[in-house]
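One structure is given below, encoded as structure tokens.
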Amino acid sequence: MNRMLEESDLELLQSRNWGSLIGRHYGAVYALARKLLRSEADARDAAQETFARALAKLHSYDARRPLRPWLLSITAHFIRDLLRKRRELPLAPQADLEIADVALPSEPLLRQEDGKLLVAALDRLPFDWKLVVVLHFQQELAPADIAEALGVTTNAVRIRLYRALIALRKDLS
Amino acid sequence: MTHATPLEIHDHVYGFRPSDHVAGCAECQASADSLVAEASVIGAALRETPVSPPQELLRNPRARRSRITAGGLAAAGLLLIGLAWALSHDPRSIPPEPPDKTPGRSADPEMERLVRELRSPSPAHRQIAVLALKSYGEAALAAITQSGVGPELFGTYRLKPADDAVRRTLESKKTDLDMENVFLKDILSSLSQKTGLKFVMDPAFRQRLNPDQKITFKVKDLTVNNTLKLLFMQLNANFRCEDGAVVILDEKDGPSGIPVPARAPLRIGKRKAAAVGMLAEFRSDSIERREAARQGLMTMGFAAEEALWEALDSTDPETKGQALEVLRWLYTPDESARPLSHPRTRSIKKLLSEKRVTVDFKETPLLQALDSIRQLSGANLHVSGVQTPDSLRVTMAGTDLPVYSALVLLLEPLRVACAFREDIVLLSPEAASPEEAPRKLGNFWTSPEEARRLEGALIDLAEGPPAAQERASATLAGLGDRALPLLERAAEILDGVGRERCRTLRERLQTTIDPKGLDEPTAADLAVRTAHQEDLLHQTADLDIDGLSLDRILQRYGIPIDIRSKPDRTFRFHAKEIRLETALRALTMPFGLDFMFKGDQLIIDRADAVRARIRR
């Protein structure tokens, strides 16, 4: 199914059918932006900017790769720059290779009814951790795709995810 | 039987490294199941309602924005609110301007202008005028009364004499408290005896407060205002002055606030032409240019005021919306005001830099270690926002270290940061540390008389003949500490010779007021680092240092470092997994040094030289 979709993306790209491409991916791009930015208007701007940049940089897109992670990486980079300019970028994560072994809870600490608290706790995470969590849980990207989108190793994704979950549990416990 | 580690279970669940052990072990599988359940909760919480792309984007995918963005929408919203208000409001509450029978009856043309704006046909003008008049507080009272505009427009901003007495006590009285394991009511009772203040708990806060909760609270020689802020920070509470008492509120019920007497913004320069140029940028298709314009207007502050008011009549919704937003920011001192006082953290920083300690902590309870440092140094250390501090332990040894260095190295494994607040060192988790906030861009509000006097002095300094400049320099120098942020802000706003004169006078005053530059911004405040530079600073190393100098210590991190001024001493300490940034902070700040990047290379130099380099 995935493969068919990607081929279809390629066909749309080749036929320059931007409207259908945007229609297919706008929701995902906007959803990512909405979780990384506080305002809806900023998220809309970021989504629009993503497509404008993607069209301007199409020459650098590797057509063998799926399109969505590439679009999401443009969104993520744009938002990171925006937050950095506004000096709103939360603390950078600690070194990715440094892991504390923290005991796992015997039962889930994050519960369905904690949805809003969870989103608030997510906002308090360092940007790079939050990004990995959103790409994994919301966008359902595989670790290898996240790694490629962010230009980091799969191991870095693994550790960011692990640390982010520990921080969320600690924040909500 | 050895079970899988938490990381191995995580790797198994998220597919990084599937583990046969986890799959086959009932206990590990139970942990794995709880992670799977969590994953589903997180997925559900992050789900967004599906949205369709805007038609404008589909029509022109290369366009870089929708025409009506945050500012435009805000403007539209405010216009609608204003319109609704204008339609629903009894027109008699804004009567026609009464004939002026007494020419020159009001001494303040700004108040007269704002009262005139209240009668503007434009809802946006009226909205901003109401906001501005409210912010002037008592200073606007006479003008509002004379205008005949309904007082209900202005809500409850009026300062009651009893609240003003509370304000004065909060700001002027200092207190000491040394209380261990006591109830909140005991602390409040002690404070009440010392200050004469009356404390009242809001019902929502009383209901939420655990009556059995015991508190340990120690402060020395702090204003009552700061004491209460620290105390209530621990309890997630705020306070307000109401009817002559201090009312304690749950933090969700509103921010802390003490009433403000008559005040006015200190207007520095006029840069209408430059502001008009920036407002034109809001028509740009580039989000970066629009963002830069917004920042530029905020940097100009009240120097852009006239152009911003005019932009409220713009036909471009984006320009109008952004002008409205910046004006709202200008006239909301809670958000935009900076204190017209130099940060008073010099004495605590001096103490922490100059006082030396020798410590040897091995798995020592954190609070015990901090007590020991508190006793050795006399510093006011306050732990805030650290979860279960009683259960944390620290290991660190050092000989003859500045207190600051010892503290920073000690707290590193816990990721707890030191922030300075007047005479307090606030120890909080890094993510919540107030020191991470950038220096606030903003404006000064002070008494109307002082605002006028200082505005005149700044004009004379920037534009006047030599004699006037000299008088202005003397007036500003007479402000002491308070001249420094004022001149810093003036140098940001003014251009040309005015900027240079402000800068020169500031440098001259700083060398006498704060010769070590302890309250000056650091490189971290002034420079924006790249992601790569941040990554470099987050490298860690174990530091077992026995008589090494700064350059030898930093060699362990393996990146090029150019040390242009190094402390004339060697260090002895043992600390594990210290990030480069932490090592740099611990080993530079107490010696008047700072650090900055030049590409991938770190430069360490005297703090004033680093500041000058970044500002250039």
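Values quoted throughout were computed directly from the atomic coordinates according to the rules given, and no laboratory measurement underlies them. What you are looking at is a predicted structure, and each value in this text was computed from that prediction instead of being measured. Here the Cβ is made from the backbone with ideal geometry for all residues, glycine too, and neighbour counts use every protein chain on show.
Return one number: the angle in degrees, 0 to 90 and rounded to the nearest 10, between the long axis of the Cα atoms of helix B:466-477 and the longest principal axis of the Cα atoms of chain B. Long axis of B:466-477 versus the principal axis of chain B: about 50 degrees. Counting beta carbons within 10 Å around each of B:PHE217, B:PHE183, B:PHE595 and listing the fewest first gives the order B:PHE183, B:PHE217, B:PHE595.
Taking the protein assembly as shown, the Cys residues with no second Cys beta-carbon under 4.7 angstrom are B:CYS241, B:CYS418, B:CYS502. Using every pair of distinct Cα positions in chain B, the Kirkwood expression returns a hydrodynamic radius of 28.6 angstrom.
With contacts taken as Cα pairs under 8 Å at a separation of at least 6 residues, chain B carries a relative contact order of 11 percent. If you average the sequence gap of Cα pairs under 8 Å that are 6 or more apart and divide by the length of the range B:445-513, what percent do you get for the contact order? The normalised contact order for the range B:445-513 reaches 27 percent.
With a simple spin-label model that places each label point 7 Å from the Cα along the Cα-to-Cβ direction, the separation between B:LEU414 and A:ALA56 comes to 4.7 nm.
Each Lys and Arg adds +1 at its Cβ and each Asp and Glu adds -1 at its Cβ; summed about the Cα centre, the protein assembly as shown shows a dipole of about 1620 debye. By the count of other C-beta atoms within 10 Å, a proxy for reagent exposure, B:VAL383, B:VAL13, A:VAL134 are ordered fewest to most as B:VAL383, B:VAL13, A:VAL134. Close amide H partners of B:LEU593, meaning residues 5 or more places away or on another chain with modelled amide H under 5 Å apart, are B:ALA607.
With r as the distance between the Cβ atoms of B:ARG393 and B:ASP562 and R0 = 45 Å, compute the FRET efficiency 1/(1 + (r/R0)^6) and round to 0.05. Efficiency, rounded to the nearest 0.05: 0.75. Across the range A:2-85, Cα-Cα pairs farther apart than 23 Å form 19% of the total. Per the Debye formula on identical point scatterers at the alpha carbon atoms of the range B:209-345, with no solvent, log10 I(q)/I(0) at q = 0.11, 0.13, 0.14 Å⁻¹ is -0.62, -0.75, -0.81. Note the angle between two axes, namely the Cα long axis of helix B:224-234 and the longest principal axis of the Cα atoms of chain B, as a number of degrees from 0 to 90, rounded to the nearest 10. So the inclination is approximately 50 degrees. Once the Cα-Cα distance is subtracted from the 0.36 nm per residue extended length, the B:GLU463 to B:ASP33 segment shows a gain of 147.5 nm. Rounded to the nearest 20 debye, the dipole magnitude of chain B is 1500 debye, with +1 charges on Lys and Arg beta carbons, -1 on Asp and Glu beta carbons, and the Cα centre as origin. Modelled spin labels at B:ASP360 and B:GLU251, positioned 7 Å past Cα toward Cβ, are 4.0 nm from each other. Applying 1/(1 + (r/R0)^6) with R0 = 35 Å to the Cβ-Cβ distance of B:VAL497 and B:GLU422, what FRET efficiency is obtained, to the nearest 0.05? For R0 = 35 Å, the calculated efficiency reads 0.45. Compared with the dominant principal axis of the Cα atoms in chain B, helix B:483-493 is inclined by about 70°. According to a simple spin-label model (label point 7 Å from Cα along Cα-to-Cβ), what is the distance in nm between A:ASN17 and A:LEU172? Roughly 4.0 nm, to one decimal. The slack between B:ARG572 and B:ARG606, meaning 0.36 nm per residue of separation minus the straight C-alpha distance, is 10.0 nm.
Ordered by the number of other Cβ atoms lying within 10 Å of each residue's own Cβ, fewest first, B:TYR557, A:TYR61 fall into the sequence A:TYR61, B:TYR557.
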